[in-house]
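Undergrad: Sharing a structure with you now.
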Amino acid sequence: MKKIELILGLLGLVGVVLGMAAIPGGSILSVLALCGLSVFYFYFSFAVLNGIHGRDIFKKAAYKDIAAADIVSAIGAGIALSIVVIGLLFKVMFWPGGSFMLLAGCLALIIATIIGAIRLRTSKSAFPARLLKRAVIFGSLGLLCFFLPSNFFLKIKYRQHPEYVKAVEAASANPDDEELQRKANEEHQKLFDDEGVE
């Protein structure tokens, strides 16, 4: 299961890099991979964080040495990780709600990290170390993206199209202004007409 996690994470990273370079298919790859990673954490965190192999998920014997608190904590941490991953996706794709999801997920991860750090001292289980590793990685990414300006990724991806960036920024600042929304849509359409940018 760690291989699936690693593959989805790497594909998500590659997709984001390709998307920021405006290479066709990059955005689709990042959406598929990051959504897959989010679903993976949501449904399988109890197994991954407790070191249960995929083939043993439905075997009762795999859980006999695992404390119930570790399973419950892993489920909570998995939900937090899932929210952070989706928040990262929303932020990178400039979809509304990304900052809120990052904030909610990172706050939950901070709580999970504190609990994991306390349990790391008292527990002989490998669960706290597995949790802390993922919480630090995704929490750091989530907080970094949360504090970046909302148009940061937009400016990177469309650095060759400043008119589009200005139009989107103006439309975002005034969501009720139909003229600005129309102008942003026109500039977006020009991207497709001129170069086929995704």
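The values are calculated or read from the model by the stated rules, or taken from the named source; none is laboratory data. In this text, all values refer to a predicted model and were calculated from it rather than measured experimentally. As a convention, Cβ positions derive from the backbone with ideal geometry for all residues, glycine included, and neighbour counts pool all protein chains shown.
Undergrad: So H53 passes all but one of these: (1) over 22 Å from G12 (Cβ atoms); (2) crowded, with 22+ Cβ neighbours inside 10 Å. Which condition number does it fail?
TA: (2)
Undergrad: Follow-up question, since we're still on this one. L154: touching a residue at least 24 places away in the same chain (Cβ under 8 Å) and part of a helix (DSSP H, G or I), yes or no?
TA: yes
Undergrad: Which of (1) under 16 Å from P96 (Cβ atoms); (2) out of contact with any Phe, Trp or Tyr (no Cβ under 9 Å at 6 or more places or on another chain) is the odd one out, the single condition L154 does not satisfy?
TA: (2)
Undergrad: Here are G87, G97, G116: which of them is buried (at least 20 other Cβ atoms within 10 Å of the Cβ), closer than 27 Å to V17 by Cβ and assigned by TED's automatic domain parsing to the domain that holds L10?
TA: Only one candidate qualifies: G87.
Undergrad: Check whether at least one residue in the range 170-177 is in the same structural domain as L109 (by TED's automatic domain parsing) and either outside any helix (DSSP H, G or I) or surrounded by fewer than 16 Cβ atoms within 10 Å (Cβ to Cβ) (or both), and report yes or no.
TA: No: the range 170-177 contains no residue that is in the same structural domain as L109 (by TED's automatic domain parsing) and either outside any helix (DSSP H, G or I) or surrounded by fewer than 16 Cβ atoms within 10 Å (Cβ to Cβ) (or both).
Undergrad: Quick check on the range 146-163. Is at least one of its residues under 21 Å from the mean Cα position of the chain (by Cα), among the small types (G, A, S) and over 24 Å from R182 (Cβ atoms)?
TA: no
Undergrad: Can you tell me which condition D65 does not meet? The list is (1) in contact (Cβ under 8 Å) with a residue 24 or more places away in the chain; (2) not in a helix (DSSP H, G or I), and all the others hold.
TA: Status for D65: all satisfied but (1).
Undergrad: Here is a check on your reading of the model: is F100 touching a Pro at 6+ places or on another chain (Cβ under 8 Å) and more than 30 Å from Y63 (Cβ to Cβ)?
TA: No, not satisfied.
Undergrad: Scan S27, S38 and give me the residue that is surrounded by 22 or more Cβ atoms within 10 Å (Cβ to Cβ) and either more than 16 Å from L143 (Cα to Cα) or among the aromatic types (F, W, Y) (or both).
TA: One residue alone meets the criteria, S38.
Undergrad: Taking the range 123-147 only, how many residues are over 30 Å from D65 (Cα atoms) and either of a type in the set (F, W, Y) or not assigned by TED's automatic domain parsing to the domain that holds S27 (or both)?
TA: Summing the residues that are over 30 Å from D65 (Cα atoms) and either of a type in the set (F, W, Y) or not assigned by TED's automatic domain parsing to the domain that holds S27 (or both) in the range 123-147 gives 2.
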